[in-house]
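Structure record follows, encoded as structure tokens.
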Amino acid sequence: MALKDDIKKLLEQVGDLKAANAEELEALRIKYLSKKGEITALFNEFRNVPNDQKRELGQLLNQLRQQAETRISDLREQINEKCQQSNDKLDLTRTPDPITLGTRHPLSLVREEIIDIFSRIGFTVAEGPEVEDDKHVYGMLNFAPEHPARDMQDTFFIEKEIGVQKPTDVLLRSHTSSVQTRVMTSQKPPIRVLCPGRVYRNEAISARAHCFFHQVEGLYIDKNVSFADLREALLYFSKEMFGADTKIRLRPSYFPFTEPSAEMDISCNICGGKGCSFCKGTGWVEILGCGMVDPNVLEACGIDSKLYSGFAFGMGVERITNLKYRVKDLRLFSENDVRFLKQFESC
Ligand code: DAH
């Protein structure tokens, strides 16, 4: 009855099989139930058992296999449950998933760089509303009542009546020069502010024009501010922004709110001033408008133009960004295509 003893011995063993993990459990399965396992070996021996013992030993063997299978499947359940629990908890030994950082929008990077450069010479930031009135966007800035900039082609007028204002008085600002008038009417000189913000114009959207874009306006009002101060400030800015070799050139121009007015070019930072397709062979690219604040504007804002003078300038952030990063199509700035956006500095 050696077989019966063997079966009984194994029956005792399988009742308390233990496994700490999936590997140990698999080792047990192989030890007892695989083709070469101990229980399978007993089944092989069973073939030689005399007929009169077959019934009893067969039942015992089946019971043994059943118990081993049940024990192993119970252990498997326990191990799976333990794994699940530890997955639910924080496992500090696990390799972390890579963290994908967002990136700064190129226009934000450039706007902040502009602000940073001017803040080093004492400029602070002032903001004003995007939904404005005619007075602050045009009237106080010396635009004649029939000036074409007010025309429907340029300005988005808001038809809905807001408060007590006439419907045609309310508009989306078409330049950040409007913030000048708000600052000058609420602060006393000396004033040294930068006004960054979004502006709107009724333009057909294309690679080179958009119905909204961004500007940074600068304003400096004090006693004895001269055109030479304006030139120095802009030269300093251009060198900081585009490199120490950058040259500037001021060309006479006209803006209603400055007298004299100028447009400023910088030496083309793509070809270094030699002439290329970007600067159309001239070696220069225009980046901003500027001038001495017109005395009419100072007076309209309640500043004594005999005592104070000042300069102002305004630049397009998209234009500066194009020069820095060579973005050829303006529409990319507002399409939120991550393939474009992720090329810039990460947060
Ligand atoms: N507001 C002008 C524009 O949108 C830009 C500008 C030109 C601003 C000359 C100024 C300036 O302050 O002096 O085209």
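The values are calculated or read from the model by the stated rules, or taken from the named source; none is laboratory data. Predicted model only: the values in this text are computed from it and were never measured. Note: ideal-geometry Cβ built from the backbone for every residue, glycine included; neighbour counts use all protein chains shown. Ligands, DNA and RNA are stripped out before the accessible areas are found, and what is left, the full protein with its side chains, is counted by its heavy atoms. Shrake-Rupley method; radii C 1.70, N 1.55, O 1.52, S 1.80 Å.
Values computed for the structure shown
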| read-out | value |
| --- | --- |
| Selection from segment 167-211 of residues that are hydrophobic (A, V, I, L, M, F, W, C), farther than 17 Å from Glu130 by Cα, within 14 Å of the ligand (Cβ to nearest atom) and more than 25 Å from the chain's Cα centre (by Cα) | Met184, Ile191, Val193 |
| Meets criteria (at pLDDT below 95 and among the acidic types (Asp, Glu)) for Glu335 | yes |
| Test set (1) crowded, with 19+ Cβ neighbours inside 10 Å; (2) in contact with an Asp or Glu (Cβ under 8 Å, 6 or more places away or on another chain) - Gly218 fails condition number | (2) |
| Neighbours by Cβ (under 9 Å, 6+ apart or cross-chain): first from segment 316-343, free of Cβ contacts under 8 Å to residues at least 60 places away in the same chain; second open to solvent by 40 Å² or more (accessible area, probe 1.4 Å) and assigned to a helix (DSSP H, G or I) | Phe340/Leu332 |
| Every residue from segment 64-99 that is of a type in the set (Asp, Glu) and surrounded by 12 or more Cβ atoms within 10 Å (Cβ to Cβ) | Glu69 |
| Segment 222-235 - residue that is closer than 20 Å to Asp116 by Cα and surrounded by 15 or more Cβ atoms within 10 Å (Cβ to Cβ) and, of those, nearest to the ligand (Cβ to nearest atom) | Leu230 |
| Test result for Phe340, away from the ligand (no atom under 16 Å from the Cβ), of a type outside the set (Asp, Glu) and open to solvent by less than 30 Å² (accessible area, probe 1.4 Å) | yes |
| Test: residue in segment 244-256 that is more than 31 Å from the chain's Cα centre (by Cα) and hydroxyl-bearing (Ser, Thr, Tyr) | yes |
| Residue identified as under 30 Å from Asp337 (Cβ atoms), open to solvent by less than 30 Å² (accessible area, probe 1.4 Å) and either modelled with pLDDT under 90 or in a helix (DSSP H, G or I) (or both) among Leu107, Leu61 | Leu107 |
| Test: Glu217 is outside any loop (DSSP other than H, G, I, E, B), more than 11 Å from the ligand (Cβ to nearest atom) and closer than 30 Å to Cys271 by Cα | no |
| Scope segment 262-284; condition surrounded by 17 or more Cβ atoms within 10 Å (Cβ to Cβ), more than 16 Å from the ligand (Cβ to nearest atom) and within 16 Å of Asp245 (Cα to Cα); matching residues | Ser267, Cys268, Asn269, Gly273, Gly283, Trp284 |
| Residue match in segment 85-104 (condition: assigned to a loop (DSSP other than H, G, I, E, B), touching a Phe, Trp or Tyr at 6+ places or on another chain (Cβ under 7 Å) and not polar (S, T, N, Q)) | yes |
| Pairs where the first residue, in segment 219-248, is over 15 Å from Val285 (Cβ atoms) and the second is at pLDDT 95 or above and open to solvent by 60 Å² or more (accessible area, probe 1.4 Å), C-beta under 6 Å, 6+ apart | Tyr220/Arg192; Asp222/Pro190 |
| Any hit, segment 280-290, residues being under 19 Å from the mean Cα position of the chain (by Cα), closer than 22 Å to Glu113 by Cα and among the β-branched types (Val, Ile, Thr) | no |
| In segment 3-30, the residues that are open to solvent by 70 Å² or more (accessible area, probe 1.4 Å) and of a type in the set (A, V, I, L, M) | Ile30 |
| Odd one out for Ala244, checked against (1) more than 23 Å from Ala149 (Cβ to Cβ); (2) open to solvent by less than 30 Å² (accessible area, probe 1.4 Å); (3) of a type in the set (A, V, I, L, M); (4) not in a helix (DSSP H, G or I) | (2) |
